[in-house]
Amino acid sequence: MTELIGFVGLGNMGGPMAANLVRAGYRVRGFDLNPASLESAREAGIEVVGSALDAAETAGTVVTMLPAGRHVVEVWTQLADALPSGTLLIDSSTVDVESARKAHALAEAQGCPSIDAPVSGGTGGAKAGTLTFMAGGSQAAFARAEPILKAMGRSIFHCGEAGAGQAAKICNNMILGISMIGVCEAFALGEKLGLSRQALFDVASVSSGQCWSLTTYCPVPGPVPTSPANNAYRPGFAASLMLKDLRLAQAAAGAAGASTPLGAEAVQLYALFEGLGHGGEDFSAIINLLRGRHTG
Ligand code: NAD
């Protein structure tokens, strides 16, 4: 019999992820608060229903892909109260580590195995089924989830116990946010010094300044034709989403007593950029703030 998966949260990421589960041969029953998301989900072959509980009922596995921690805790509270023990719960939203652990505890109290499995790869990766998943939870829960995650992603990592997936996600994105600002500062300085973009790129991309923000996602037009800088900084990965992840990293650092001064500075810069009305631009557009060439 075809395995049934419940899917709650069919937005920009969840919609295409659920569609890939259908493509992989799963039966998917989905719910979203937004009628437009339900309509596109229906077109992708998802059975749409009127509540999270309806989506989850009789499903062996339920996946949630929601905006933030409070949504996940709210939905998992409803589910954990109603689902039979043994139902596998997977949350792929990006949320604070504390909410992730709270959600795991709700599931555990009901005898439901669970994993936090946030993703990287953006909406392009969600559509193409090439997302990276970083999972936290027991080995047994991960083993059950892995084939389902493989239907939506390419690289799947088990990072440790409950919350470890979210921890990996926010640590990675803190590196990304800080390194992008560093690369932008270098290009802005190079411009003032009369150095061509291509010359700086050629040197730094094979020297010790080499990093993903430079070689894959170069924040100036030219050296890397596929980077958003060549496409009027259309996202890509929006600055407001980067700010969300950087804030999650700061919240976790505060709770854990970790010192992250550059992470804190990155929050300030992205908050300023968003406040000036640029939250919808790609996060590499922060170079315009550093050049003093932003409008807002
Ligand atoms: P989105 O806003 O497009 O989708 C979230 C969906 O959840 C919406 O359709 C909303 O209606 C629905 N929703 C909210 N509360 C609900 C509830 N109680 N019951 C049912 N549905 C509910 O956001 P998205 O871009 O799909 O992102 C989802 C998550 O993935 C976020 O945590 C985000 O940080 C993370 N993420 C996004 C990207 C990206 O590039 N968009 C990349 C990596 C991770």
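The values are calculated or read from the model by the stated rules, or taken from the named source; none is laboratory data. The structure displayed is predicted, hence computed values, not measured ones. Glycine also receives a Cβ, built like all others from the backbone with ideal geometry; neighbour counts cover every protein chain displayed.
Structural remarks
- The residues on offer are Ala258, Ala199, and the sole one that is more than 22 Å from the chain's Cα centre (by Cα) and outside any helix (DSSP H, G or I) is Ala258.
- Condition met for Ala59 (at pLDDT 95 or above and either part of a loop (DSSP other than H, G, I, E, B) or away from the ligand (no atom under 14 Å from the Cβ) (or both)): yes
- For Asn173, the conditions (1) surrounded by fewer than 19 Cβ atoms within 10 Å (Cβ to Cβ); (2) among the polar types (S, T, N, Q); (3) not in a strand (DSSP E or B) are fulfilled apart from (1).
- When we screen Glu191, Glu146 for residues that are assigned to a helix (DSSP H, G or I), charged (D, E, K, R) and outside the structural domain of Gln250 (by TED's automatic domain parsing), the only hit is Glu146.
- The single condition among (1) under 20 Å from Ala251 (Cα atoms); (2) crowded, with 23+ Cβ neighbours inside 10 Å; (3) away from the ligand (no atom under 15 Å from the Cβ) that Pro118 does not satisfy is (3).
- Scanning the range 27-45 for residues being within 10 Å of the ligand (Cβ to nearest atom), in a loop (DSSP other than H, G, I, E, B) and either surrounded by fewer than 21 Cβ atoms within 10 Å (Cβ to Cβ) or not assigned by TED's automatic domain parsing to the domain that holds Thr130 (or both) gives a total of 2.
- In the range 70-91, the residues that are over 11 Å from Ala52 (Cβ atoms) and small (Gly, Ala, Ser) reach residues that are in a helix (DSSP H, G or I) and more than 11 Å from the ligand (Cβ to nearest atom) with C-beta atoms within less than 8 angstrom, at least six apart or across chains, in these pairs: Ala80/Leu106; Ala80/Ala107; Ala80/Ala109.
- Sole residue being crowded, with 18+ Cβ neighbours inside 10 Å, among the small types (Gly, Ala, Ser) and over 21 Å from the mean Cα position of the chain (by Cα), chosen from Ala24, Ala52: Ala52
- Total residues in the range 153-174, condition more than 19 Å from Phe237 (Cα to Cα) and in contact (Cβ under 8 Å) with a residue 40 or more places away in the chain: 5
- Filtered by the rule that a residue be among the β-branched types (Val, Ile, Thr) and at pLDDT below 95, the range 202-235 gives Thr216, Thr226.
- Close pairs from the range 175-192: first among the charged types (D, E, K, R), partner in a helix (DSSP H, G or I), Cβ under 7 Å, at least 6 apart: Glu185/Leu290
- Scanning the range 62-84 for residues that are within 12 Å of the ligand (Cβ to nearest atom), surrounded by 15 or more Cβ atoms within 10 Å (Cβ to Cβ) and among the small types (Gly, Ala, Ser) yields a count of 1.
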